[in-house]
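Participant: To start, I am sharing the structure in question, which I have written as structure tokens.
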Amino acid sequence: MANSRVLKYLAWLVLVSLVVGAPKVSRAAVTCEQVVTNLYPCINYVLRGGQVPGQCCTGIKNLFSAAQNTPDRRTVCKCMKSAISSSGVAYNSYNIGLAAGLPAKCHVNVPYKIDPSTNCDTIQ
């Protein structure tokens, strides 16, 4: 159950991290498995706070680097939304705040706020 909760919170973190960059026309290459694998080290931080693990930041940076086009950013968003909706776990402002703050803590520049109501189809 904790892993499902974390996926929900991390979904928006990854979404924000990956939307940055110039849009390019191409087919999505990022998979949901990559998203989960890269964000797994962030679970404890998002649930409990404390110090951000180095492996968490490495995963965020890896996803940011991998999703350099519109299809990849949309795929990441949709994977996250799917994980959130299937988990059945309600998120709260504390966990969303921790997840939203991860890009800055990991030195990834994201120009907008994480929002669980993001429409993945509008991401460029």
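Participant: What list of ³J(HN,Hα) values in whole Hz, one per residue of segment 45-55 in order, does the Karplus curve 6.51 cos²θ - 1.76 cosθ + 1.60 (θ = phi - 60°) give from phi, with Gly and Pro shown as x?
Facilitator: Coupling constants for segment 45-55: 4, 5, 7, 10, x, x, 8, 6, x, x, 5 Hz.
Participant: Hey, for a label at Tyr94 modelled as a point 7 Å past Cα toward Cβ, could you say which residues of segment 51-82 have their backbone N under 18 Å away?
Facilitator: The answer is 51-52, whose backbone nitrogens lie closer than 18 Å to the label point.
Participant: Which length gain, in nm to one decimal place, applies between Gln55 and Thr31 when the Cα-Cα distance is subtracted from 0.36 nm times their residue separation?
Facilitator: Length difference between fully extended and current span is 6.7 nm.
Participant: Between rounded, prolate and oblate, where does segment 30-123 land on the alpha carbon gyration tensor, with a ≥ b ≥ c its root eigenvalues, rounded for a/c under 1.5, else prolate if a/b exceeds b/c?
Facilitator: rounded
Participant: Also: Could you give the size of the charge dipole of segment 30-123 about its Cα centre, using +1 on the Cβ of each K and R and -1 on the Cβ of each D and E, expressed in debye and rounded to the nearest 20?
Facilitator: Result for segment 30-123 is approximately 120 debye, rounded to the nearest 20.
Participant: Then there is this: How many Å² of accessible area per residue for segment 30-123, probe 1.4 Å?
Facilitator: On the way: 4820 Å² over 94 residues.
Counting only protein heavy atoms, the per-residue value for segment 30-123 is 51 Å².
The values are calculated or read from the model by the stated rules, or taken from the named source; none is laboratory data. Nothing here was measured: the structure is a model prediction, and the numbers come from that model. No Cβ is skipped: glycine too gets one built from the backbone with ideal geometry, and neighbour counts run over all protein chains shown. In case anyone asks, the SASA skips ligands and DNA or RNA and just uses the protein heavy atoms, side chains included. Shrake-Rupley method; radii C 1.70, N 1.55, O 1.52, S 1.80 Å.
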